[in-house]
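A quick write-up on the structure given underneath.
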Amino acid sequence: MTAVRNEPAFRDATADPEVVLEVTDLHVTFPTDSGDVTAVRGLSYDVRAGEVLGIVGESGSGKSVSSLAVMGLLPRNARISGSARYRGRELLGLDDRAASGIRGKEIAMVFQDPLSALTPVYTVGDQIAEALRIHSDIGKEAAARRSVELLDLVGIPNPKQRALAFPHEFSGGMRQRAMIAMAIANDPDLIIADEPTTALDVTIQAQILEVLKTAQQATGAAIVLITHDLGVVAGFADRLLVMYAGKAVETGSTEEVFYQGRMPYTLGLLGSIPRLDAGGRQPLTPVEGNPPSLASLPPGCPFVPRCPMAIDICSQTEPPLLRMPNSGDRHFSACHRSDEIERSNLTSTDIFPAVVAPESVAERTPREQRPTVLEVTDLVKHYPLTKGHVFRRRIGTVKAVDGISFDIREGETLGLVGESGCGKTTTLTELLRMARPQDGTVVVLGKDTATMSGRDRFAIRRDVQIVFQDPFASLDPRMPVGDILAEPLLTHGVPEAERRQEVRALLKLVGLAPEHADRYPHEFSGGQRQRIGIARALALKPRLVVLDEPVSALDVSIQAGVINLLERLKVELGLSYLFVAHDLSVVRHIADRVAVMYLGKIVESGPVDRVFDAPSHPYTQALLSAIPLPDPIKERQRRRIILEGDLPSPADPPSGCRFRTRCQLFAGLDEGRRQKCLEQHPPSLPQGDGDHLAACHYARVVDVL
Amino acid sequence: MLGFLLRRFANYLVLIVIATSFGYLLAASTLNPRAKYDTMQPRPPEASISQTLSNLNMNPADPKLDRLGRWAKGIVTGGDFGKTIDNKPINEEFGRRIWVSLRLLLIGTILGSVVGVAVGAYSAINQYRWSDHTITFLSFVVISIPVFVLAVALKQPAIGFNGLFGTDVLFIQGEYQAGGGGWSGAAILDRIQHLVVPTLSLALGLVAFYSRYQRATMLDVLGSDFLRTARAKGLRRRQALVKHGLRTALIPMMTFFSYQFVLMFVGAIFTEKIFGWHGMGEWFIDAIGKNDINSVGAVVFFSAILVLIAGMLADLAYAALDPRVRAN
């Protein structure tokens, strides 16, 4: 043992006036019908004035529960012990009156889902004014004036009018701005932000992180940023705390944790994120297995079942959080083998089995010589926008998909990316409908959907299958897994004996046991369910699989396993994928080609490495720039393109180029050159070589990574 | 907005005509006004019965549609609903009974709604505690007792209560004592003494009913993020629960309130019957018993209007409470 066995140095920080919040040995237990669940098991940390502490962990790690405990906002049946001191004053056990005096005034909170976090029946301005009036004698009018100022500070346009609007009249990003305005209203010393950007699109996420920075500058507050996204904390946090199974497993400066992680879980987590800035085939290290159930933890380190480095002692005693002697004096790690890891400077690929995606046979043939699996030309889908119930009348058209073209060759993965509302899902449903489109053509495996008969359509559905986003909603909870997998086979008339055999093979194929066929979906974790979803899609041996955000509902460590599985299956079964996602890092990792959508149009497309390394359309540049890299040094050096405002309504798209209202390039153009953007829709033109297209009048490459 | 209201009003008018016509025709085909005379001793001469019924526009010998036409004509031209089978003007009956029902039901309905909401919200906030269990148990006891049993059961303690004082404090029959009425101080006291027990019987049922629904809507809100936000701002538990929680949890209750409140006018049949108040509900039941087609038609007409008013009230209340449904 070379690690110094002492209590973390910040334990005796009580005397330090710089310490705003000091949490010591926090335990939170919820009594449930099936026994007690201890969600937080002895958590200690401190936050100093003006500092940003990132708390990172997967769902169920106790990161949100611990901060709600500090705020005194847990349900009354929660049993809390330990201590949480705000500037030396104990917060736990305060009565409602005393705690309410601190909440919102000294410690403010920003929540994850801005849609449900604002009361629907009061105006945004009133809700901010309320926060002010609770804690001071400020008059009604002064509070209203101040709330308009606050809305202005967080970047709401026309704050005076918008203050009178109700939450449902705000977009997601604007609501989160309003939440931040509310949080900083009383100039708090500490802001706890619980997954503040998780529910938002990347470009909006970048805006909100900027606003949080502004808010911090305006108030000088310390921030506790709770997130599962390591990219978000990389550029934002000064220090990190990694949580696993209700405990801190590693803490230190952001650089220490990212570059010198000493706990296998931290390393695994970092190794399982696909990198936006890594071209070619980057190996992902999935952390196999699932987080433990907190209802009955066995003795020892809770990470043992998932840890390739586990030795005997690991399942006997739980390792304490110890200082790493060779790095900074605030770097602590809870692992029996931390000093070994430090000595040999092990990385995630040393510890976890790294899987490099294999190359498929099809890929050896040049793209042009491979058969086309799906060809979409000028596809259009417009929805009528109607008003009234009794007398419906059309008041406009939602141009959800407005003339898009792309093709997928055999053995290829096309990533279709864009923000919510850009038309990705509409495109998918149009393709899977396999009927004559409103305009344009869809050719599936050489057959035009416009001329298909019902019989053709039934037959061709075997070859085109889909995997859905939400593994919880997409499996019938009342059907055993075996029946779920057998259903497509039954529909297409496969005899029973063969079906049973097929189901067993499918389960094995996706890494589950054949015995699992008798179980029900609720007995599986999210990652396992998504594997079942994939198995169902593969039951009919399709040639093209449509993947609709297949990993976005999964935790990071689980995500990597599913991505690796998809890559392996593609090669083994010679599949082609249409991969729809908003996560560009995942797309870079898995896709061969990418098409970027904005308001129903494809603005840029081409081979994935070309589009990501030499993005030519300003929207692609902004989108890539908005994604935080899980790399603190790189992240801090990047200059970020922050897009203005929200996605315009597809019912009333801007004239000419649809992106011009938010375009950073347009903003810098002179009047004469702007005219072209205002009047003409830019055609898709080749950039560099013929395979890379961008639809911008003034396309030029900008390096944003 | 005006156009919307006008369109809606036109819709309503059509619905009222249809509902009333169906109601009248149903009454005309099932009720037999002759029965009154057939059982008379001595039985009046046939011609005289026929003549009397024709005068009342209730002669089964006339085609039903003709009778409906005549009845409707009276309403449209002179606002005249015709005569009851006892040859009294229906309009007068209407004018009197509406107010009787209103006086009987207004306080009980308001009391039941307010207390029901309070009890339901309290129950939700204390979910699974003994107070919640007690409230739940008592509500189900009340809900499972038929209204007429509850009303009769309440009479007994009222009599006992009077026994304690040795004089009649609470009355359980009628609206006021014989020869009473009017609105002098003493008369008002007398009215209140008559009102307590029926109001209680009415309110109890409503409290039990509303508290169940309010508990459910409140529970939905209790777990909501915006309530947590309100507390994170620094609102105390109670303040947050009332200002942000209850206000939002009341929205889905509006439909119940409007319909229950308005339809009380014709729906409190048992309460009126048992406590001897001569209101609309009693009239409806008596009219059927007496084969009084015109009166039944009039009550159906009245109910149709009430249903539509309730619908409109519910919509208005919704829009007032919930900005999300306001038309823009």
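The values are calculated or read from the model by the stated rules, or taken from the named source; none is laboratory data. These figures come from a predicted structure and were not determined experimentally. Here the Cβ is made from the backbone with ideal geometry for all residues, glycine too, and neighbour counts use every protein chain on show.
Summary table below
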| read-out | value |
| --- | --- |
| Qualifying residues in the range A:284-327 (those that are surrounded by fewer than 18 Cβ atoms within 10 Å (Cβ to Cβ) and in contact with a strand residue (DSSP E or B) (Cβ under 6 Å, 6 or more places away or on another chain)) - the one nearest to A:Ser34 (Cα to Cα) | A:Ala295 |
| Long-range neighbours under 6 Å by Cβ, at least six apart or interchain, first residue surrounded by 15 or more Cβ atoms within 10 Å (Cβ to Cβ) within the range A:659-677, second β-branched (Val, Ile, Thr) and not in a helix (DSSP H, G or I) | A:Gln664/A:Ile641 |
| Residue in the range A:179-202 that is within 20 Å of A:Val47 (Cβ to Cβ), over 28 Å from the mean Cα position of the chain (by Cα) and acidic (Asp, Glu) present | yes |
| Test result for A:Leu509, in contact (Cβ under 8 Å) with a residue 40 or more places away in the chain and of a type in the set (A, V, I, L, M) | yes |
| Selection count where residues are touching a strand residue (DSSP E or B) at 6+ places or on another chain (Cβ under 6 Å) and of a type outside the set (Gly, Ala, Ser), scope the range A:181-201 | 8 |
| Any chance A:Arg588 is out of contact with any Cys (no Cβ under 7 Å at 6 or more places or on another chain), crowded, with 21+ Cβ neighbours inside 10 Å and not assigned by TED's automatic domain parsing to the domain that holds A:Pro683 | no |
| Checklist (1) exposed (fewer than 14 other Cβ atoms within 10 Å of the Cβ); (2) assigned to a helix (DSSP H, G or I); (3) without any contact (Cβ under 8 Å) to a residue 24 or more places away in the chain applied to B:Phe140, failing item | (3) |
| Check on B:Asn57, in contact with a strand residue (DSSP E or B) (Cβ under 9 Å, 6 or more places away or on another chain), in a loop (DSSP other than H, G, I, E, B), surrounded by 12 or more Cβ atoms within 10 Å (Cβ to Cβ) and among the polar types (S, T, N, Q) | yes |
| In the range B:183-201, the residues that are of a type in the set (Val, Ile, Thr) and free of Cβ contacts under 8 Å to residues at least 12 places away in the same chain | B:Ile188, B:Ile192 |
| Pairs with Cβ under 6 Å, 6+ apart, first in the range B:302-318 and within 12 Å of B:Phe257 (Cα to Cα), second surrounded by fewer than 18 Cβ atoms within 10 Å (Cβ to Cβ) and not polar (S, T, N, Q) | B:Tyr318/B:Val325 |
| Subset tally (residues that are small (Gly, Ala, Ser) and surrounded by 14 or more Cβ atoms within 10 Å (Cβ to Cβ)) for the range B:41-54 | 1 |
| Failed item in (1) without any contact (Cβ under 8 Å) to a residue 60 or more places away in the chain; (2) within 14 Å of chain A (Cβ to nearest Cβ); (3) surrounded by 12 or more Cβ atoms within 10 Å (Cβ to Cβ), with B:Leu15 passing the rest | (1) |
| Among residues of the range A:100-141, those that are at the interface with chain B (Cβ under 9 Å from one of its Cβ atoms), assigned to a helix (DSSP H, G or I), within 18 Å of A:Leu190 (Cα to Cα) and not β-branched (Val, Ile, Thr), counted | 4 |
| The range A:591-611, residues that are part of a helix (DSSP H, G or I) and surrounded by 24 or more Cβ atoms within 10 Å (Cβ to Cβ) | A:Val611 |
| From B:Trp277, B:Trp283, residue being over 30 Å from A:His135 (Cα atoms), in contact (Cβ under 8 Å) with a residue 12 or more places away in the chain, out of contact with any Ser or Thr (no Cβ under 6 Å at 6 or more places or on another chain) and not in a helix (DSSP H, G or I) | B:Trp277 |
| Candidates A:Ala560, A:Ala517, filtered to the one that is assigned to a helix (DSSP H, G or I), within 24 Å of the chain's Cα centre (by Cα) and either at pLDDT 90 or above or in the same structural domain as A:Leu414 (by TED's automatic domain parsing) (or both) | A:Ala560 |
| Residue match in the range A:194-205 (condition: within 22 Å of A:Gly125 (Cβ to Cβ) and within 14 Å of chain B (Cβ to nearest Cβ)) | yes |
| Number of positions in the range B:292-328 that are touching a Ser or Thr at 6+ places or on another chain (Cβ under 7 Å) and more than 14 Å from every other protein chain (Cβ to nearest Cβ) | 10 |
| Subset of the range A:159-187 [crowded, with 24+ Cβ neighbours inside 10 Å and within 11 Å of chain B (Cβ to nearest Cβ)] | A:Pro167, A:Ala178, A:Met179, A:Met182, A:Ala183, A:Ala185 |
| Residue that is nearest to A:Leu270 (Cα to Cα) [pool: residues in the range A:613-669 that are among the β-branched types (Val, Ile, Thr) and part of a helix (DSSP H, G or I)] | A:Ile633 |
| Per-region count, the range A:265-314, residues touching a Lys or Arg at 6+ places or on another chain (Cβ under 9 Å) and under 22 Å from A:Asp613 (Cα atoms) | 7 |
| Inter-residue pairs, beta-carbon under 7 Å, first not assigned by TED's automatic domain parsing to the domain that holds A:Leu200 and in the range A:619-635, second of a type in the set (S, T, N, Q) and buried (at least 21 other Cβ atoms within 10 Å of the Cβ), 6+ apart | A:Ala622/A:Thr203; A:Leu623/A:Thr203; A:Ala626/A:Thr203; A:Ala626/A:Gln205; A:Ile627/A:Ser585; A:Pro632/A:Thr254 |
| Meets criteria (at pLDDT 85 or above, under 23 Å from A:Pro628 (Cβ atoms) and outside the structural domain of A:Gln637 (by TED's automatic domain parsing)) for A:Ile273 | yes |
| A:Ile80 being away from every other protein chain (no Cβ under 13 Å), in contact with a strand residue (DSSP E or B) (Cβ under 9 Å, 6 or more places away or on another chain) and aliphatic (A, V, I, L, M) | yes |
| Members of the range A:236-286 that are in a strand (DSSP E or B) and in contact with a Leu (Cβ under 8 Å, 6 or more places away or on another chain) | A:Arg239, A:Leu240, A:Leu241, A:Val242, A:Met243, A:Lys247, A:Ala248, A:Val249, A:Glu250, A:Thr251, A:Gly252, A:Ser253 |
| From A:Pro471, A:Pro488, residue being surrounded by 14 or more Cβ atoms within 10 Å (Cβ to Cβ), at pLDDT below 90 and under 30 Å from A:Glu515 (Cα atoms) | A:Pro471 |
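Let's see how each residue does on (1) modelled with pLDDT of 90 or more; (2) not in a loop (DSSP other than H, G, I, E, B):
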position: A:Pro298; (1), (2): no, no
position: A:Pro302; (1), (2): yes, no
position: A:Ile313; (1), (2): yes, yes
position: A:Thr317; (1), (2): yes, no
position: A:Ser327; (1), (2): no, no
